[in-house]
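Undergrad: The structure under discussion is supplied below as structure tokens; questions concerning it will follow.
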Amino acid sequence: MEKTVYIIGHKNPDTDAVVSAVGYARLKNLLGFDEYKAARAGHLNPQTRYIFEKFGIAKPEYIPDLLPKVKYFMQDNIETVEENVSVWEAIGRMEKTENRVMPVVDKDGKYLSLLHYSGFAKGVLSILNPEKKHKFTTSIKLIQKTLNAQPIIVHEDEDKIFKASIHVGSSSDATFIKRLEAHASEDIVVIASDREDIHKICIEHKVKLLITTSGCVINKELRELAEKNGVSVIVSPYSTSPTSMLIAYSMPVSAMGDTEIHTVHINDTVAKIKDILKDAHCKYLPVIDEENKVIGMISEHDLLKEPNIEVILVDHNELSQAVEGIEHYTIREVIDHHRIGAIPTKNPITFINRPVGSTSTQIAVLYKEYKIPIPKDIASLLLCGILSDTLILQSGTTTDVDREIAEYLSDITDLDIKELGNEILLAGSNISGRNAGELIRQDMKEYTEGKISYTASQIEVGNPKEILERKADFMAELEIERRSHKALFSCLLVTDITKLSSVLLMDCDPKFTEFITFPKQEENVYYLQGVVSRKKQLIPLLTEQVLSYNK
């Protein structure tokens, strides 16, 4: 498959992460790079969903994980062969395309079996075995095409498949007659040279097909008799010996395909298919879709190649926040505005990290640096990203660059900053009817300090009262997160967008409690005056407390 470069934000993405990915992917496309595609590592939160619906923009592709899968390694430019094509024709195609295998499909393109050299070699040898009767599936048309034979008389449906009982007319007349009579109940195919006596015997005994060799054509009298007796006659350009060998390859591929080869699907993980691939005779597996149609092939050799995807990270630069499986792929770029965490890369990369209020600001700046006009729909998204991440330019993380870019985007889109900001914050602050677990996980990030890890979630509300009234539910979910991540603590920053302050709910290891220095409002709840930014205000404070605990 052609390489795709996914531009993707962090797990549980907020508005800034999603719109940055969409905005940067569009910039890359406008620069002429079609392989770049926006993606998201989680479901859209209510605010982000509202924004995409408001402006009628398609949501980026949802990628729950980047664990190595079949679709990232498979070959998709494969050729299939229909079930009634001859083995001889299929071999010719395989040699021409240098394919070692070829999937056999029905007329609707649905997978039936896999044709491979070891499989059909075994089948042909069994037919040519002198210890066994020469009987195999074929049709008159397949025989004629395989031999490049000249049709003289063809009765019945030349495409009709039958079980052919093959005989060579080389013995004495008496012996040959006995042999034909012994197989009288079968569909007999006779290969004969220029012996008119054998031709006559075959026609009189009403064999199904007479094949004369070396270009020999039967005389007029025998032709009339053949017409009368319903005997088909074709003329092979080859002598008897090569004709006898070639005819074995006139079988349809459906009779020779290996039906024991397992199929796999594009979303199967590499870990799942490795043992299946190891046990396959030919070391190839067909890849099928939900309708059982072949869409590719995967081999052991394919798994040794680089995957067909690479990634660009936006709005984060820590592996703990990245989509699961990211370590298996080449990271091309990082565009962010958070602290720099540990993210090893195979090669030197473009790393843009400026202390601004949102990654959306960074993306808009890149459009200006490349001198690419920002499409109006993208400008609308990026403006929403800035206003969301900076609380309408009121957060402590807001810089003059954010204000300047916001004004620029506002002029392009004719959208009022304050009006749009209030609209999207209101869309994101409605928590009625939503359970505590969903609210905690919609924007949750995991952080590490040495060997210690913790999670910090954030939600923005018009009034923290409802959260505090449901405190028990939120504390129970925070405990679940702390235990599942084996973290020192899990906390939820509840930001009041009207007062620009927050309360912090925290579930922690009891040993950590004495290191918490925030003003305590009630049990497990702390009041943070003027704190609205998780990135610039909360995380530095938590880092100090973790380091004190870890001394």
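Undergrad: Along the charge dipole of the chain, pointing to its positive end and built from +1/-1 on Cβ of Lys, Arg, Asp and Glu, which listed residue (Pro344, His116, Met444) has its Cα farthest out?
TA: His116
Undergrad: Right, another one. Taking only DSSP H segments of four or more residues, each worth -39500 (n - 2.57), what value at 222 nm results for the chain once the sum is divided by all its residues, to the nearest 500 deg cm²/dmol?
TA: -10500 deg cm²/dmol
Undergrad: Any idea of the accessible area per residue across the chain, 1.4 Å probe, to the nearest Å²?
TA: On a per-residue basis, 46 Å².
Undergrad: Next question. Taking just the C-alpha trace of the chain, give me its Rg and Dmax in Å.
TA: For the chain, the Cα-based Rg and Dmax read 36.2, 114 Å.
Undergrad: Given Cβ point charges of +1 (Lys, Arg) and -1 (Asp, Glu) and nothing else, what value in debye, to the nearest 20, does the dipole of segment 171-329 about its Cα centre take?
TA: Dipole size: approximately 1200 debye.
Undergrad: Could I ask something else about it? Of all DSSP beta bridges in the chain, what percent run antiparallel (nearest 5)?
TA: 50
Undergrad: Residue by residue through segment 461-473, which ³J(HN,Hα) values in whole Hz follow from phi under the Karplus form 6.51 cos²θ - 1.76 cosθ + 1.60 (θ = phi - 60°), with glycine and proline marked x?
TA: Coupling constants for segment 461-473: 9, x, 7, x, 4, 5, 5, 5, 5, 9, 3, 4, 5 Hz.
Undergrad: Cys216: accessible area at probe 1.4 Å, nearest 10 Å²?
TA: Accessible area of Cys216: about 30 Å².
Undergrad: Something else: Go ahead and run the numbers for FRET between Lys376 and Thr137, Cβ-Cβ distance against an R0 of 51 Å, rounding to 0.05.
TA: Calculated transfer efficiency: 0.20.
Undergrad: Now, a different point. Tilt of helix 87-97 relative to the longest C-alpha principal axis of the chain, in degrees (0 to 90, nearest 10)?
TA: Helix 87-97 sits at roughly 50 degrees to that axis.
Undergrad: Taking all protein chains in place and a 1.4 Å probe, what share, in percent, of the accessible surface of the chain do carbon and sulfur account for?
TA: 49
Undergrad: If you take every residue apart from Met475 with its C-beta less than 14 Å away from the C-beta of Met475, what net charge results, scoring Lys and Arg +1 and Asp and Glu -1?
TA: Net charge in that neighbourhood comes out at -4.
Undergrad: With +1 assigned to the C-beta of every Lys and Arg and -1 to the C-beta of every Asp and Glu, and no other charges, what is the dipole magnitude of the chain about the Cα centre in debye, to the nearest 20?
TA: Here the size comes out at about 960 debye.
Undergrad: Once you place label points 7 Å from the Cα toward the Cβ at Asn148 and Glu300, how far apart are they in nm?
TA: 3.8
Undergrad: Where does each of Met256, Met245 land when they are ordered by accessible area, with a 1.4 Å probe and the largest first?
TA: These residues rank, largest area first, as Met245, Met256.
Undergrad: Can I ask one more? Give the residues of segment 34-49 whose amide nitrogen is closer than 18 Å to a point set 7 Å from the Cα of Ile352 in the direction of its Cβ.
TA: Counting backbone N atoms under 18 Å from the label point, the list is 34-39.
Undergrad: On to the next question. Across segment 524-532, in residue order, what do the Karplus-derived ³J(HN,Hα) couplings come to in whole Hz, using 6.51 cos²θ - 1.76 cosθ + 1.60 with θ = phi - 60° and x for Gly and Pro?
TA: 6, 10, 10, 9, 10, 5, x, 8, 10
Undergrad: Note the angle between two axes, namely the Cα long axis of helix 376-389 and the longest principal axis of the Cα atoms of the chain, as a number of degrees from 0 to 90, rounded to the nearest 10.
TA: Tilt relative to the chain: about 50 degrees.
Undergrad: Still on this structure, please answer the following. Equivalent-ellipsoid semi-axes (√(5λ), Cα gyration tensor) for segment 472-551, whole Å, largest first?
TA: Working from the Cα gyration tensor, I get semi-axes of 20, 16, 11 Å.
Undergrad: Give, in nm to one decimal, the length gained when the segment between Glu98 and Arg403 is fully stretched (0.36 nm per residue of separation minus the Cα-Cα distance).
TA: Length gained between Glu98 and Arg403: 103.8 nm.
Undergrad: So how much slack lies between Ser171 and Asp157, counting 0.36 nm per residue of separation and subtracting their Cα-Cα distance, in nm?
TA: Value of the extension gain: 2.0 nm.
Undergrad: Compute the acute angle (0 to 90°) between the alpha-carbon long axis of helix 400-413 and the principal axis of greatest extent of the alpha-carbon atoms of the chain; round to the nearest 10°.
TA: Its long axis makes an angle of about 60 degrees.
The values are calculated or read from the model by the stated rules, or taken from the named source; none is laboratory data. All values reported here derive from a predicted model rather than from experimental measurement. Quick reminder, even Gly has a Cβ in these numbers, built from the backbone with ideal geometry, and neighbours come from all protein chains shown. Please note that ligands, DNA and RNA were not included when accessible areas were found on the heavy atoms of the full protein model with its side chains. Shrake-Rupley method; radii C 1.70, N 1.55, O 1.52, S 1.80 Å.
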